[in-house]
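I have placed the structure first, in the form of structure tokens, so that the comments after it can refer back to it.
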Amino acid sequence: MRILNIILALLIVAATFGLFFIIGSPNPDGVYSNMFFANLAITVVLEILLMGSLFYITSDENYRLSVISASWTVFVYVILMALWMLAFGLYYYLSEEPLAVGGTWVKIYYGGLLALSAIFIGILIFVTQSGYFADNLNNRTRHYVTENQVDNIDYKMMKFTFQRYMTTKNADQLLLIQTNRELDMFIDKASTVPAYILQDNYRLGNAINSQSDRIRRSIEQMERINNPVELNKDIMRLSQTLRTAIDQIDTLRV
């Protein structure tokens with residue numbers, strides 16, 4: 001595909017050269033003017049910019065806000081430059097007086113081209129930087145949303161494992177019911193934190209991850225304990241860990 005794009009671009013540039021020399025007329029001495037070659041060079045540069053933007057933006061891997069913003073800026077720049085050149089060319093064609101080299105109108109023409117180019121560079125830098133910032137923010141948000149989805153699966157596994165222990169382990173039922181309620185409260189608080197809060201509050205995200213690991217290890221450790229007394233102690237420690245985690249989330253989320 002890339003080779004075809006290059007071939008197409010070369011054909012368009014070659015066609016531009018041909019049209020310029022067919023339509024353009026040389027001076028009485030048979031030599032083309034400097035303005036002729038300047039317009040030819042500017043036209044080729046504009047075509048390369050336009051085709052490069054089109055080819056680049058149509059690639060799936062480059063479909064980002066920064067690329068789209070920069071490409072639209074290039075499109076507008078090419079259109080304005082083409083309109084300026086066409087307007088000046090039309091004036092030159094209708095004018096009865098030839099344009100003198102270094103004359104006022106020639107200076108205005110080149111000055112307008114330079115002014116448009118300077119404005120284009122400034123706007124391109126601004127929209128590209130803004131686009132990169134938005135892309136990074138979007139990637140971070142997508143990352144936290146994905147992490148949140150994975151965490152929700154882990155929470156469901158934690159909940160399922162603990163409820164299985166409630167029916168198979170010989171422990172204090174009141175203590176199990178209380179701890180199960182606290183586990184529900186922790187899962188509800190941890191899983192409902194929006195992604196935009198997590199991406200700005202690193203301490204909260206780290207606290208949720210570290211506390212989730214501690215709770216998961218505590219629940220897994222209960223599987224190896226059959227002594228009711230030791231099991232009740234572990235459940236009490238788990239209950240304390242859950243309360244600490246809930247208080248930590250409430251404190252850091254404010």
Quiz item: Is there a residue in the range 140-155 that is part of a helix (DSSP H, G or I), modelled with pLDDT of 65 or more and either hydrophobic (A, V, I, L, M, F, W, C) or within 16 Å of the chain's Cα centre (by Cα) (or both)?
Solution: no
Quiz item: Got at least one residue in the range 56-69 being among the aromatic types (Phe, Trp, Tyr), at pLDDT 75 or above and part of a helix (DSSP H, G or I)?
Solution: no
Self-check item: Qualifying residue in the range 117-129 (condition: over 33 Å from the mean Cα position of the chain (by Cα), at pLDDT 75 or above and surrounded by fewer than 14 Cβ atoms within 10 Å (Cβ to Cβ))
Solution: no
Self-check item: Qualifying residues in the range 77-104 (those that are at pLDDT below 85 and surrounded by 14 or more Cβ atoms within 10 Å (Cβ to Cβ)) - the one nearest to Leu49 (Cα to Cα)
Solution: Phe88
Quiz item: Quick one: in the range 180-231, which of the residues that are in a helix (DSSP H, G or I) and of a type in the set (Val, Ile, Thr) is farthest from the chain's Cα centre (by Cα)?
Solution: Val229
Exercise. Only residues in the range 187-202 that are over 26 Å from Leu238 (Cα atoms) and in the same structural domain as Arg216 (by TED's automatic domain parsing) count as the first member; pair them with residues that are of a type in the set (Ser, Thr, Tyr) and modelled with pLDDT under 75, Cβ under 7 angstrom, at least 6 apart or cross-chain, and list the lot.
Key: Ala195/Thr141; Ala195/Tyr144; Tyr196/Thr141; Gln199/Thr141; Gln199/Tyr144
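The values are calculated or read from the model by the stated rules, or taken from the named source; none is laboratory data. Keep in mind that this is a model prediction, so the values were computed, not measured. All Cβ positions, even for glycine, are placed from backbone atoms using ideal geometry, and neighbour counts span all protein chains on display.
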